[in-house]
Amino acid sequence: MTTPTVAPYGSWKSPITADLIVAGSLRLGEMRLDSGADTGNLYWLEGRPTEGGRNVLVRRSLDGTTTDLTPDGFNVRTRVHEYGGGAYIVHNGTVYFSNFADQRLYRQEPGSEPVALTPESDNADLRYADAVMDGGRDRLICVCENHTHGSEAINTLTAIPLSPTHPLTTPTPLTSGHDFYSSPRISPDGNQLAWMTWDHPDMPWDGTELWLADITAAGSLANITKIAGSRTEAIFQPEWSPDGVLYFVSDGATPLRQEYRTDWWNLYRYVDGKVEAVCPKNGDFGLPHWVFRMSTYGFESATSLICTYSENGIQHLARINTQTLDIRDIEIPYTSMGGLQVGSGIALLGAASPTQSGCIIKLDLTTGDTTVLQRSTTLEVDPGYLSVPEVVEFPTENGVTAFGFYYPPVNQDYAAPDSEKPPLLVKIHGGPTAATSTSLSLRIQYWTSRGIAILDVDYGGSTGYGRAYRERLKGNWGVVDVDDCVNGATYLVQQGKADGDRLLIDGGSAGGYTTLAALTFRNTFKAGASFYGVSDAEALAQDTHKFESRYLDSLIGPYPEAKDVYVARSPIHAVDQLSCPVIFFQGDEDKIVPPNQAEMMVKALKAKGLPVAYVLYEGEQHGFRKAENIKRTLDGEFYFYSRVFGFEPADEIEPIAIANLDE
């Protein structure tokens with residue numbers, strides 16, 4: 001056995017390079033089964049950085065062969081709510097999808113080129129998502145987002161005829177009047193439609209409503225009835241069982257079921273005009289509804305429901321008997337799961353573990369056998385270079401416990417000097433209504449294998465810990481999240497797991513805001529990186545897309561009534577308190593956090609004489625999809641810290657221009 005080389009943290013040479021990560025990486029998602037004939041074909045989307053981030057629909061046939069279905073020039077992605085999701089469905093082998101460039105809906109029959117179903121619009125102003133097949137009426141029902149009115153977009157549930165007139169005309173809404181719609185679901189007999197709505201200022205994890213209507217012979221909706229939901233109850237994923245019972249997930253109480261309130265996202269069903277609890281449990285069966293078509297359960301049969309749920313940040317797979325309501329975990333070698341799709345005898349889902357990168361698996365529900373259909377990376381890493389996360393619970397403000405995952409530095413070829421503690425990079429997930437996971441992330445291992453410890457924080461406001469934990473952030477964004485990140489880092493320093501003089505922090509989007517707030521309003525961290533992060537909360541309230549345009553009402557306060565709070569919590573207005581180096585990465589087409597957010601901060605830091613770097617990517621939106629930009633971001637952040645803290649990277653890295661570095 002080779003004796004490890006003794007070298008300072010940060011200078012270790014790692015086989016997990018940015019080139020390898022992006023060369024073999026895919027973004028996997030939107031698994032689907034055919035909603036028509038049970039052909040045994042399975043479908044998913046692959047986001048390919050090497051193709052400029054294009055989303056390609058892939059089919060795996062019953063004989064095990066895989067085929068790209070999306071022709072060159074098409075990109076299966078919708079911009080409804082900007083975050084998208086629900087970009088396609090498959091019915092009887094025919095694909096119906098949204099194309100990113102023009103946002104039109106297309107039909108693609110087997111072996112044929114896509115044919116448009118919806119009209120062209122200026123600037124892709126008509127957008128579609130979350131479609132469901134209404135086969136008896138030869139149409140799709142989907143969410144339509146209409147930007148042609150020049151003010152705020154109008155969202156509706158709309159029917160799209162599959163035998164359209166020529167020329168194509170703008171589809172007519174089935175129902176309108178609410179700010180947001182999602183999850184249209186048709187009953188097995190085709191006679192009823194369920195869907196969800198919510199209105200400003202609520203986000204879908206704050207309060208939503210579940211509606212049910214009859215579909216008339218003419219195709220219109222009648223007897224529209226609200227069956228669950230309120231401003232204090234968040235509904236998630238309505239779904240019909242094979243025997244025609246409507247199920248859904250909820251985290252609150254309706255007048256029909258006060259006795260069942262758990263404050264966790266639990267499963268319920270609507271039977272004979274009443275709501276019944278299916279599985280009361282201190283665990284979350286739901287997720288924050290950031291994108292369309294999120295799924296945590298499905299039906300193997302009328303009596304067998306397959307689901308995922310989260311307890312203390314760890315996900316589980318289970319089977320519920322819908323007659324006895326017994327729940328039993330299904331043991332598989334994964335701790336992070338998503339996008340569950342269920343058919344007769346099989347389940348299709350995305351899965352990962354601390355030692356396995358994300359993949360798409362097929363689970364045989366009879367034998368329990370799992371088959372990996374596609375992996376998010378082709379990179380094979382020796383376990384000697386992998387850091388396995390440790391669950392961390394640490395005290396934070398007001399006697400509350402917060403959560404995270406600590407990754408110690410690991411590289412079988414190196415050891416640090418006995419007297420040295422590792423630098424710690426605290427990573428802040430976006431959202432902020434979201435969560436981190438234990439899935440193997442090569443982007444985290446990039447750091448730990450070079451000698452940088454990681455703390456991945458589920459600060460107050462994160463999901464998977466119940467509604468009360470999520471609502472810790474209400475009115476307190478920029479306070480609770482910052483406190484939790486500071487207290488997590490301090491806790492690890494006290495435990496001897498990190499160097500208190502080399503504490504770093506980074507995050508993207510909302511995580512970028514927490515990063516900048518922590519760097520500005522606290523003295524704990526010595527440097528940081530913001531990826532398309534918010535520096536001016538007031539500017540975000542005034543200039544962002546419809547879906548999040550009132551998000552800050554609950555996180556900070558209503559605007560402009562709470563303008564003073566917005567100003568007080570915006571790092572851009574407190575640059576005099578910021579005294580450490582920062583690097584910014586930004587896409588020039590970002591509509592969620594426009595580039596001026598980063599540019600105002602960079603200008604202010606330059607003027608103050610602090611080391612600062614700014615990397616702007618042409619053609620990128622909110623999040624980076626191109627391989628060269630993902631690589632540049634990973635290496636660039638590491639290079640920035642190496643210059644700031646004076647350690648020598650083992651790899652040659654393209655330099656980043658850093659203003660005021662010598663000063």
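Just a few scattered comments:
- Candidates are the residues of the stretch 49-76 that are farther than 28 Å from ALA18 by Cα and among the aliphatic types (A, V, I, L, M); the one that is least open to solvent (accessible area, probe 1.4 Å) is LEU69.
- The residue pairs whose first member lies in the stretch 113-138 and is assigned to a strand (DSSP E or B) and open to solvent by less than 30 Å² (accessible area, probe 1.4 Å), whose second member is at pLDDT below 95 and aliphatic (A, V, I, L, M), and whose beta carbons are closer than 7 Å, counting only pairs six or more residues apart or on different chains, are ALA116/LEU168.
- Elements of the type strands (runs of 3 or more DSSP E) sitting completely within the stretch 44-96 and holding at least 3 residues that are within 20 Å of GLY111 (Cβ to Cβ) and not charged (D, E, K, R): these cover 54-60, 88-91.
- Annotation: of all residues in the stretch 1-39 being more than 24 Å from the chain's Cα centre (by Cα) and at pLDDT below 85, the one that is surrounded by the fewest Cβ atoms within 10 Å (Cβ to Cβ) is MET1.
- Scanning the stretch 543-577 for residues that are under 23 Å from LEU519 (Cα atoms), outside any helix (DSSP H, G or I) and open to solvent by 60 Å² or more (accessible area, probe 1.4 Å) yields no hits at all.
- Here ALA318 clears all of (1) of a type outside the set (Asp, Glu); (2) in contact (Cβ under 8 Å) with a residue 24 or more places away in the chain; (3) closer than 15 Å to GLN341 by Cα except the condition numbered (2).
- Hits in the stretch 274-307 (condition: among the charged types (D, E, K, R), modelled with pLDDT under 95 and open to solvent by 10 Å² or more (accessible area, probe 1.4 Å)): LYS274, GLU276, LYS281
- Of all residues in the stretch 633-663, those that are part of a helix (DSSP H, G or I) and free of Cβ contacts under 8 Å to residues at least 60 places away in the same chain total 3.
- GLN597 vs. criteria open to solvent by less than 10 Å² (accessible area, probe 1.4 Å), in contact with a Leu (Cβ under 9 Å, 6 or more places away or on another chain) and within 30 Å of ARG231 (Cβ to Cβ): yes
- Filter result (open to solvent by 20 Å² or more (accessible area, probe 1.4 Å), more than 30 Å from ARG625 (Cα to Cα) and in a strand (DSSP E or B)) within the stretch 340-390: ILE346, ASP364
- Odd one out for PHE403 among (1) open to solvent by 20 Å² or more (accessible area, probe 1.4 Å); (2) modelled with pLDDT under 95; (3) within 22 Å of the chain's Cα centre (by Cα): (2)
- Entry remark, the stretch 307-328: residues being farther than 28 Å from THR39 by Cα, assigned to a strand (DSSP E or B) and either of a type outside the set (Phe, Trp, Tyr) or over 25 Å from the mean Cα position of the chain (by Cα) (or both) number 7 in total.
- Conditions (1) of a type outside the set (Lys, Arg); (2) part of a helix (DSSP H, G or I); (3) open to solvent by less than 10 Å² (accessible area, probe 1.4 Å); (4) out of contact with any Leu (no Cβ under 8 Å at 6 or more places or on another chain); number of the one not met by ASP483: (3)
The values are calculated or read from the model by the stated rules, or taken from the named source; none is laboratory data. These numbers were taken from a predicted model, which means no experiment stands behind them. In this analysis, Cβ positions are derived from the backbone assuming ideal geometry, glycine residues included, and neighbour counts consider all displayed protein chains. With ligands, DNA and RNA removed, areas are computed over all heavy atoms of the protein, side chains included. Shrake-Rupley method; radii C 1.70, N 1.55, O 1.52, S 1.80 Å.
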